[in-house]
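Undergrad: The structure is given below, and queries will be raised subsequently.
Since every read-out is calculated from the coordinates, none of them should be taken as a lab result. Bear in mind the structure is a predicted one, so any value in this text is a computation, not a measurement. As a convention, Cβ positions derive from the backbone with ideal geometry for all residues, glycine included, and neighbour counts pool all protein chains shown.
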Amino acid sequence: MGKRIELVPMDPHFHDITIALYQDSMDGGLVLRVHTYSSIPGAQDRVAFIAHAMSILGGMEAVSNGVSLLRFGCGAPHTLASRRVFLEACKISPSAPLEPKGLSIFDKKSDQEIAVASSDSGAYKVAAAGGDSARASAVAGGLAKLAEMSKSEMNAAQVAFPCGQPHDALVGLLLGRALNVRAALREDEMMATRGTLVAPSAQN
Amino acid sequence: MVTAPTPVASMTSRQRVLAALRREPVDRTPVCNPTSVATVELMDLVGAPFPDANRVPELMARLAATSYTELGFDTIMPVFSIIQESSALGCKIQWEQKDNWPTVKMREPIWTTPEDIKVPSDLLTHPDTKCVLDAIRILRKEYGNEVAIIGKTMGPWSLGYHCFGVEPFLLMSLDDEGKTKLCLDKMKEITVQFGLAQIEAGADALTLPDHATGDLVSAEYYARYLSELHHEFAERLPVPIILHICGRTVDRLGHIAETGMAAFHYDSKNRPDEAIHAAKNGIALVGNINNPETLFSKGPEQVRCEVIQNLEAGIQLVGPECAIPLQTAIDNLKEIPKAVRDWHRERTSVN
């Protein structure tokens, strides 16, 4: 099965089943496996849908010998980004249309359009329509945190994937979260502490 | 070290656990969680999710059995939560969903004075206590003498938190020692009645959580309020008792070791070597594998390291420090028995 890297304890779209993302090695590379232990009818279809949604939203490739196996074309694991893609894919209703998100978004916080320009070398430059360089840098910092991208030393609004390859769908998906990365991280923390039993004296 | 200097014949899980609780020689260190190893993935695997698995005997038994059948532990513990008898006492319960623990609404206490304390006539027939008794019967019937079945009955200090509220109960203990002792004395009958009923249903041993936790209750408090009561439980409940107290507790381990209880389920805030030293061979120790940082957040390699630390220190039963987080990965849990077996195999081959 490999190493479990993310878990959705209750799938809101399919009978509250638990679905997890595992990272495993195959043919000398790393693959991602969407898995559930549930055997209720339809559970495997739901898993297949999530894997398909991840391939579209995150720009990942389906591995030929398994419906729920995925990988990035570049061969890099992009672990943190994969977790985020999985979490976003689990939120999508099976009846919703699946399409990759674009490289621009309206930022309510700064009341302006934020756009990301891609290059072939896996670098992405964030720009704010109003010329707000501080906001552009903050969004770039958010992308760096969410996808383990490296920040450019020359330009605070530029980040790059360590694999040196472009991942436009992935950046498009993460851009919305990068606008408020603190909220995204807080949500992660809350998810992680849920399900931990504490002594009565420590309960709120 | 409890592992015999001369080889011990192969034991069943039940024999191994009971021998370790008596601090007698074992064929290998047993793997035990006296609290809970339920996870959301195990719930899916056997179709027994929370909250129903806390309220329906068949589901409770089915989920609990995964400890033995899927993870390879030597024990089965069906009482996942700490609220079953409090529900029977009349406390309001938030049952939560699959991914969270049921809790007592302690901000809505049911008692304020010792006179309020009444053991209801339906304590053992209330659906939430009867569920535990029925689940133990199912497990005993299904697994016979193969595996140790552990029950759970809450101690009076924990019941005090649940029924009086944490703050009022602690304030009472500061202001009025006599009143507090009277409350504890009355509540201890709940602990005994529920414990005896579980023994009758087939429990081999009982976990007795009594949350005199290191952060709020001092060693002096433990000696003043609980030591004598715990001694009484060890006398009145005729199976091995495993006391569970969270937090740093080495300062009171000497007192605990004198109660006559069989074992103490101890927290990772205490190092195995210092806990063994403090226990002075007066009580068996179980637990210690860290939950939030190791079992939940790290991988099998780190789990293995902590298991080995416990084995090297001579801890009698190895397992998680407390009820594991519901999102814990199955591979991390399976690593505990695997590491124990490997460690013993290596020692055997060296000798």
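Undergrad: Express in nm, to one decimal, how much length is gained between residue B:231 and residue B:10 on full extension, taking 0.36 nm for each residue of separation and deducting their alpha carbon distance. Could you put the intermediate results ahead of the total?
TA: On the way: separation 221, 0.36 × 221 = 79.56 nm, distance 3.31 nm.
Difference between extended and current length: 76.2 nm.
Undergrad: Which order do the peptides B:167-179, B:29-41, B:278-290 take when ranked by the mean count of other beta-carbon atoms within 10 Å per residue, highest first?
TA: On the way: B:167-179: 14.5, B:29-41: 28.4, B:278-290: 22.2.
Sorting B:167-179, B:29-41, B:278-290 by mean packing, highest first, produces B:29-41, B:278-290, B:167-179.
Undergrad: Okay, moving on. About the Cα centre of the protein assembly as shown, what is the dipole size in debye to 20, counting +1 per Lys and Arg Cβ and -1 per Asp and Glu Cβ, all else neutral?
TA: Numbers: 54 positive and 67 negative charges, 89 e Å.
With only Lys, Arg, Asp and Glu charged at Cβ, the dipole is about 420 debye.
Undergrad: Which distance in Å, rounded to a whole number, links the C-alpha centroids of the stretch B:147-217 and the stretch A:168-186?
TA: Between the Cα centre of the stretch B:147-217 and that of the stretch A:168-186, the gap is 47 Å.
Undergrad: No solvent, one uniform scatterer per C-alpha: report log10 I(q)/I(0) for the stretch B:135-211 via the Debye equation at q = 0.20 1/Å, two decimals.
TA: Listed by q, the Debye log ratios stand at -0.80.
Undergrad: Calculate, for residue B:108 and residue B:23, the FRET efficiency according to 1/(1 + (r/R0)^6) with r their C-beta to C-beta distance and R0 41 Å; round to the nearest 0.05.
TA: Numbers: r = 43 Å, r/R0 = 1.04.
Taking R0 as 41 Å, the efficiency between residue B:108 and residue B:23 is 0.45.
Undergrad: From the C-alpha coordinates alone, can you work out the Kirkwood hydrodynamic radius of the stretch B:1-153, in Å? The partial results should precede the final answer.
TA: On the way: mean 1/r = 0.0594 Å⁻¹.
Mean inverse Cα-Cα distance, inverted, gives 16.8 Å.
Undergrad: Still on this structure, please answer the following. How far is it, in nm, from the label point at residue A:154 to the one at residue B:118 when both lie 7 Å from their Cα along the line to the Cβ?
TA: 8.1 nm
Undergrad: What 222 nm value per residue comes from the helices of chain B, counting each DSSP H run with n ≥ 4 as -39,500 (n - 2.57) and dividing by all residues, nearest 500 deg cm²/dmol?
TA: Details: 13 runs with 154 residues, N = 351.
Value at 222 nm, helices only: -13500 deg cm²/dmol.
Undergrad: Next question. Using only DSSP helix segments of four residues or longer, with each worth -39500 (n - 2.57), what per-residue ellipticity at 222 nm results for chain A after dividing by its residue count and rounding to 500?
TA: Working: 5 runs with 67 residues, N = 204.
After summing the helix terms and dividing by residue count, I get -10500 deg cm²/dmol.
Undergrad: Convert each backbone phi in the stretch B:251-268 into a coupling constant with the Karplus relation 6.51 cos²θ - 1.76 cosθ + 1.60 (shift: θ = phi - 60°), then list the ³J(HN,Hα) values in order as whole Hz, x for Gly and Pro.
TA: Each residue of the stretch B:251-268 in turn: 5, 10, 5, x, 5, 4, 5, 8, 6, x, 5, 6, 8, 10, 8, 10, 8, 5 Hz.
Undergrad: In what sequence do B:181, B:188 fall when counting other Cβ within 10 Å, fewest first?
TA: Working: B:181 16, B:188 19.
In increasing order of surrounding Cβ atoms, one gets B:181, B:188.
Undergrad: Right, here's the next one. What does the average come to when, for each residue of peptide B:38-49, you count the partner chain Cβ atoms lying within 10 Å of its Cβ?
TA: Mean shielding count: 6.
Undergrad: In vacuum, with every alpha carbon of chain A counted as one equal point scatterer, what does the Debye formula give for log10 I(q)/I(0) at q = 0.10, 0.15 Å⁻¹? Two decimals, please.
TA: Cα-only, vacuum Debye calculation for chain A: -0.46, -0.96.
Undergrad: May I ask you to derive the FRET efficiency for residue B:192 and residue A:91 from their Cβ-Cβ distance with R0 = 51 Å, giving the value to the nearest 0.05?
TA: Working: r = 49 Å, r/R0 = 0.97.
The value I calculate is 0.55.
Undergrad: If you don't mind, there's one more thing I want to ask. Which three semi-axes in whole Å describe the equivalent ellipsoid of the protein assembly as shown, each the square root of 5 times a Cα gyration tensor eigenvalue, listed largest first?
TA: Numbers: eigenvalues 443, 146, 101 Å².
Gyration-tensor ellipsoid for the protein assembly as shown: 47, 27, 22 Å.
Undergrad: What's the Cα-based Rg to Rh of the stretch B:86-186, Rh via Kirkwood? Working shown, then result.
TA: Details: Rg = 16.1 Å, Rh = 15.4 Å.
Rounded to two decimals, Rg/Rh equals 1.05.
Undergrad: Testing the spin-label approximation: label points 7 Å from Cα along Cα→Cβ at residue A:104 and residue B:271. State their distance in nm.
TA: 6.1 nm
Undergrad: Note the direction-averaged projected area, equal to a quarter of the hull surface, for the Cα convex hull of the stretch B:239-351, in nm². Mind showing how you got there, number by number?
TA: Details: hull surface 29.6 nm².
Across all orientations, the stretch B:239-351 yields a mean hull projection of 7.4 nm².
Undergrad: Between residue B:334 and residue B:258, what is the spin-label point distance in nm, taking each point 7 Å from the Cα along the Cα→C-beta axis?
TA: The two pseudo-label positions are separated by 4.7 nm.
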